[in-house]
Structure formats: C-alpha cells, structure tokens
Amino acid sequence: MTIETLYQQMLAAMGPRHWLQAGIPPAETPWEILWGGILVQNTNWRNVDYALANLKAATDFEPRQLLALTDTELTTLVKPAGFYTRKVPTLKALAAWCGQYDFDLTVMRALPAEQLRRELIALRGIGDETADYFSMYVFHQPTIIIDTYLRRLFGWLNQPLPSNYLKAQQLIMQAWHYDLTTAWEWHALIVDFGKQVKTTADFERSFLATQRLTLASQSLAN
C-alpha cells in the first residue's frame with residue numbers, strides 16, 4: 001500500500017480526529033498551542049493541563065504577559081508539568097522570538113517554511129519534532145512530523161524509517177503529495193492510532209494487521 005492508501009484507510013476506520021480546533025482547549029489560542037507544545041515534553045497531558053490552567057489565569061496565554069513574569073513566577077505556574085528548569089527558559093525564548101515579529105501571527109505565518117523551521121530550531125529546547133509541530137499547528141505550514149508513533153507504525157507495516165529525523169521526513173515527503181489539511185489530519189490519526197495500538201499483539205488485532213507499506217523512493221532508507 002502507498003501512504004495515500006494508508007491515510008485513506010485510517011481516516012475511514014477512525015474518522016476525522018478534530019485535533020486542535022480553534023477556540024477549544026488545548027487550542028483556545030495559537031499561543032496555548034505553543035506553550036503546551038513546550039510543557040508536554042517528557043510528561044503527560046494531565047500535568048500539562050494544570051500548568052496551562054495556571055498560565056491562562058496569570059497571562060491569558062498572551063506572550064507579552066508571559067515575558068513580563070519573572071523566572072520565579074513562571075516556574076511556579078508551570079511546575080506541574082515538571083522539568084521546569086528546562087521549560088521556563090524555552091518558554092521565555094519562544095515568547096521573545098515571537099516578539100521579534102511584534103507577536104504578529106500573520107507575519108510569522110508568512111515566513112518561508114525553511115526560514116521558520118530554522119529559526120524555531122535555533123531556540124533553546126526546541127528540536128525537530130517540536131519545530132515541525134509548531135510549523136504546522138500554529139504557523140500553518142504543511143509538514144510531516146516524525147515521532148515515536150509514526151516510527152512504530154511504519155515498522156509494523158514493514159517499512160522502517162531511517163533513524164535520522166530529516167532523512168525519515170524526506171523519505172515520506174518524496175513519496176506523498178499532501179496539503180495542510182491532509183498533513184494536519186495525518187499526524188492526528190498517527191498519534192491516536194499509536195495511543196490505542198501499543199504492542200505488536202495490538203497491531204495484529206488492528207484493521208491494519210495484514211497491510212504492508214511501500215514508499216516510492218527508497219534512496220534514503222539506510
């Protein structure tokens with residue numbers, strides 16, 4: 001099967017995921033998505049919910065108000081999410097970066113995709129996966145997010161991905177044509193499938209059990 005066939009089968013079996021709908025937590029505002037994307041690192045979403053509730057009460061998720069907080073104040077707010085000694089500097093750095101564009105999402109969304117990604121990754125505490133998550137769900141740049149759920153599924157489908165993030169991403173990009181709506185839904189399907197199907201035994205009982213994936217371009221497979 002191709003990636004497009006896989007996408008269509010997952011969509012038919014699981015239905016639209018309705019991820020990060022504007023105005024609904026955890027996407028009341030794009031800023032909430034940004035802060036949540038940092039806070040969720042190395043923890044579960046339940047803990048993030050507590051931290052986001054604190055941030056909303058103190059700042060209404062506004063980056064200017066976040067920057068006005070002292071490190072001690074911000075640490076107290078986000079402490080439920082853990083790893084606050086790492087996350088507080090990253091939150092501040094991300095908010096300051098937004099300030100370089102006058103906190104104007106329209107301007108940031110107009111940045112060339114490569115420049116946007118490069119600037120995000122240059123920030124402390126933001127790696128490939130988080131940068132791509134922000135690029136798509138906040139700045140509306142269609143991309144492919146390579147995460148543990150995707151790697152595990154592709155392995156089960158007899159199409160393991162390269163260990164290098166960018167090589168894995170490029171391999172999929174070369175094999176599939178997608179737009180923002182499709183890429184947005186694809187990642188949601190992958191994550192939700194991965195949360196439900198956690199083991200090989202689970203996969204063998206799933207609707208994809210008999211399927212095998214083939215990518216058109218294999219040049220980057222190793």
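Write down the Kirkwood hydrodynamic radius of the chain, to one decimal in angstroms, obtained as one divided by the mean of 1/r over all alpha carbon pairs.
On the way: mean 1/r = 0.0539 Å⁻¹.
Its Kirkwood hydrodynamic radius stands at 18.5 Å.
Across region 182-195, computed HN-Hα scalar couplings (Karplus, 6.51 cos²θ - 1.76 cosθ + 1.60, θ = phi - 60°) run 5, 5, 4, 5, 4, 4, 4, 4, 4, 5, 5, 4, x, 6 Hz from first to last residue, x flagging Gly and Pro. Restricting the chymotrypsin sites (Phe, Trp or Tyr not before Pro) of region 120-217 to loop positions (DSSP other than H, G, I, E, B) with no more than 14 neighbouring Cβ atoms within 10 Å leaves 207. Annotation: the residues 135, 206, sorted from fewest to most other C-beta atoms within 10 Å of their own C-beta, follow the order 206, 135.
Is there a pair in 79/195; 56/198; 56/195; 79/167 whose C-alpha atoms are over 31 Å apart, and which pairs would that be? Numbers along the way, then the final one.
Numbers: 79/195 25 Å; 56/198 33 Å; 56/195 27 Å; 79/167 35 Å.
Over 31 Å Cα-Cα: 56/198; 79/167.
Computed from backbone phi, the HN-Hα couplings of region 203-208 come to 4, 5, 9, 8, 6, 9 Hz, rounded to whole numbers (Karplus: 6.51 cos²θ - 1.76 cosθ + 1.60, θ = phi - 60°; Gly and Pro given as x).
Coordinate-derived values only; no laboratory data. Being a predicted model, the structure only gives us computed values, none of them experimental. So basically every Cβ, Gly included, is an ideal-geometry build from the backbone, and we count neighbours across all protein chains shown.
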